[in-house]
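Visitor: Dropping a structure here in structure tokens format, bear with me for questions.
We did not get these values from a lab; they are worked out from the coordinates using the rules stated. If you're wondering where the values come from, they're calculated on a predicted model, not measured in any experiment. Cβ sites come from the backbone with ideal geometry, for glycine too, and all protein chains shown count toward neighbours.
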Amino acid sequence: MKKALALLMVAMAAWTMTDCSQNKQGRKADGPSAQHAKGGRGQAMEGQSRAVKPGDGKVNELTTADFKKKIMDYEKHPDEWVFEGDRPVIIDFYATWCRPCKMTAPVVEELANDYRGTIDFYKVDIDQEQELAAAFGIQSIPTFLFIPAKGTPTLQMGAMQKADFEKVIQSVILK
């Protein structure tokens with residue numbers, strides 16, 4: 001019985017990891033040339049810019065165009081990191097159909113509120129912003145990009161608990 005339960009748990013863990021490393025059609029995203037999923041209610045479409053208030057204690061949607069203006073223009077600086085912001089940033093690369101992303105979202109929202117005015121929090125829907133996801137080689141979600149005000153950003157893949165976020169925030173962003 002214990003062996004069967006252990007085998008079931010391993011199978012479920014593998015299925016969950018596979019489920020969120022593919023897009024909803026079951027294929028890996030092919031980057032900017034892949035066909036975009038249709039935008040739903042309240043989602044920003046590629047190329048459109050929404051007014052957001054960084055540091056307002058919320059997790060704001062980030063488009064590719066906004067990323068290039070507010071975070072880093074990777075087309076202008078393809079070989080070096082040139083941060084455009086004045087505050088540290090955490091970006092959540094997610095998809096609306098991803099269960100681990102849905103489980104992590106409330107934790108990220110809580111952290112955004114906890115670090116209001118200190119760290120800007122954004123989220124990027126990889127189905128809507130495929131160019132941006134491809135620029136960072138995002139193939140598994142959720143993936144988090146931790147960007148200090150000065151220094152090198154760090155990518156962290158997989159769902160994280162609040163304590164794990166706090167450790168990365170202290171070691172990468174607030175060091």
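Visitor: Filter the stretch 66-96 for residues that are closer than 27 Å to A163 by Cβ and of a type in the set (A, V, I, L, M); which is farthest from the chain's Cα centre (by Cα)?
Guide: The residue in question is I71.
Visitor: In the stretch 135-175, how many are free of Cβ contacts under 8 Å to residues at least 40 places away in the same chain, among the polar types (S, T, N, Q) and assigned to a loop (DSSP other than H, G, I, E, B)?
Guide: Qualifying residue count for the region: 0.
Visitor: Evaluate the following for F83: is it among the hydrophobic types (A, V, I, L, M, F, W, C) and either buried (at least 21 other Cβ atoms within 10 Å of the Cβ) or free of Cβ contacts under 8 Å to residues at least 12 places away in the same chain (or both)?
Guide: Here the answer is no, as F83 does not meet what is asked.
Visitor: Being small (G, A, S), touching a helix residue (DSSP H, G or I) at 6+ places or on another chain (Cβ under 8 Å) and farther than 24 Å from E80 by Cβ is the filter here, so list the residues in the stretch 117-175 that pass it.
Guide: If the condition is that a residue be small (G, A, S), touching a helix residue (DSSP H, G or I) at 6+ places or on another chain (Cβ under 8 Å) and farther than 24 Å from E80 by Cβ, then S140, G158, A159 are the ones that fit.
Visitor: Right, something else. How many of the residues making up the stretch 97-128 are in a loop (DSSP other than H, G, I, E, B), buried (at least 16 other Cβ atoms within 10 Å of the Cβ) and over 11 Å from the mean Cα position of the chain (by Cα)?
Guide: 5
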